[in-house]
Amino acid sequence: QQVDGPSATTLKYQRQKDERVDVQKKTFAKWINSQLEKVTEAPISDLFTDLQDGQKLLVLLEMLCGEKVKPERGKMRVHYLNNVNKALQILEKNNVKLVNISNNDIVDGSPKLTLGLVWSIILHWQVKDVMKDMVSVDNDNNY
C-alpha cells in the first residue's frame, strides 16, 4: 500500500506546532517592543528577521543591563555575527543560561533558537524584577 503525503494526524500536529510558534513569536515581540519603547527605539515587526543583524538585540540588552554597547553598523554577515556575539557575551556575563544557541543560529533566523534566546532573556529579567519587587515588599513589611 502506497501512502500519498502526510497523515491527517501529522498535519494536525504540524498546524498546532505552527500556531504555538506564531503565538510565542507575537508575544515575545510584544515584550521586546515594550522594553524598546522605554528608550524610544523603533519597534520590531518580525522577531526572527529583526533580530538577525543583532542591533535590536544589543539595544534591548543595553536597556536591560544599563551597559553601553556600540553595535557594528555594516550590512555584511560578519557584522551581524559580531553584533549577535556581543549580545551573547553580555548574556553570559549576566548569568543568562543559553544552551546550544550560537550567533549563527540567530543570524540565520532559526525560529526555535531565536524563541529560545528571547525566552531566556524574558525569564531572566522578568524573574529578576519580580524578585526585586518581592524583596522590596518584604522589606517594607519589616519596618
Being at positive phi and of a type outside the set (D, E, K, R) narrows T49, T40 down to just T40
Being free of Cβ contacts under 8 Å to residues at least 40 places away in the same chain, in contact with a Ser or Thr (Cβ under 8 Å, 6 or more places away or on another chain) and not in a helix (DSSP H, G or I) narrows V96, V69 down to just V96
N95 vs. criteria open to solvent by 50 Å² or more (accessible area, probe 1.4 Å) and modelled with pLDDT under 75 | no
From the option list V99, V78, V69, V59, single residue qualifying as within 21 Å of V127 (Cα to Cα) and more than 13 Å from the chain's Cα centre (by Cα) is V99
Expected single match for part of a helix (DSSP H, G or I), open to solvent by 30 Å² or more (accessible area, probe 1.4 Å) and modelled with pLDDT under 95 among D105, D138 is D138
*Please tell me if K38 is assigned to a helix (DSSP H, G or I) and open to solvent by 70 Å² or more (accessible area, probe 1.4 Å).*
yes
Residues of segment 108-135 being modelled with pLDDT of 95 or more, hydrophobic (A, V, I, L, M, F, W, C) and open to solvent by 80 Å² or more (accessible area, probe 1.4 Å), in sequence order, are W119
Of the residues in segment 43-90, those that are among the hydroxyl-bearing types (S, T, Y) and either closer than 12 Å to L117 by Cβ or surrounded by 13 or more Cβ atoms within 10 Å (Cβ to Cβ) (or both) come to Y80
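The values are calculated or read from the model by the stated rules, or taken from the named source; none is laboratory data. Since we're looking at a predicted model, the values are computed, not measured. Please note: Cβ atoms are built from the backbone with ideal geometry, for glycine as well, and neighbour counts cover all protein chains shown. The accessibility values were calculated without ligands, DNA or RNA, using every heavy atom of the protein model including side chains. Shrake-Rupley method; radii C 1.70, N 1.55, O 1.52, S 1.80 Å.
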